Amino acid sequence: MIFKDILKYVIILVAVLLMGMILNKGEDNIEKYTTFLRESNLTASEWKDIKKDDSKKNDVISNAIMKENDQFLTMSATKKAEKIKDYEKGLRSSIKLQDQLVKPFILTGVILSIVGLLLALVFSAIKLFNDKKNAKKTLAMIGGLVVVCIIAYMLASDKTTVTSVEVSDSAVKQVGMGLITFYILIASAIGAIVYSEISKLTSK
């Protein structure tokens, strides 16, 4: 029981820390690269090829800047060069933030969902063999987890607006299912903790 409680707090702590890091860095900064690719109608591989040609790269970045700043055309050549350099620096920063925060957040969600499911199955199996009277409750718990996964899979979309990473529709669906399952498990864990604490207070 102690291990299960510790796991709950660890999951909540990890989720809060990751969300805090993302909010601290700023959603706009993280999404800058993704937004740039989408508005420029480019894929990550296409942008990688364009970057090899400085002239093409500067043209694409200039067009992106003009969408944000109408005064860009009236700037001097030196100012334009500085703006392009700053914008490219921002793109590199956005890519770095995605690698450091967003991808680990998704991976953590999938891993914790799998670990939570496996632990639930293990504890359920142990109870099932130790106390046959609770077999129905145990099977109901396992069935509930399966239902959660099925619901998460049905709710998950196989489409994405993120073009910075080339992934298949099935991969997007699986990641979405993992995230939704993770959110449900987190909400359940928080609800269980709150209910437990309230029950302790009211029982005194």
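No lab work stands behind these numbers, since they all come straight from the coordinates. Because the structure is a prediction, the values reported are computed rather than measured. Cβ coordinates were reconstructed from backbone atoms using ideal geometry, including for glycine residues, and neighbour counts include every protein chain displayed.
Give 57/79; 56/103; 48/96; 96/159; 83/159 a once-over and call out the pairs whose C-alpha atoms are over 22 Å from each other.
Checking Cα-Cα distances, 56/103; 96/159; 83/159 exceed 22 Å.
Treat every Asp and Glu Cβ in segment 59-102 as -1 and every Lys and Arg Cβ as +1, leave all other atoms uncharged, and give the resulting dipole magnitude about the Cα centre to the nearest 20 debye.
The dipole of segment 59-102 has a size of about 120 debye.
Hey, rough spin-label estimate for residue 194 and residue 158, points 7 angstrom out along Cα→Cβ, what's it come to in nanometres?
With each label point 7 Å from Cα toward Cβ, the separation is 3.6 nm.
Can you tell me the FRET efficiency between residue 35 and residue 70 if r is taken as the Cβ-Cβ distance and R0 is 22 Å, rounded to the nearest 0.05?
0.75
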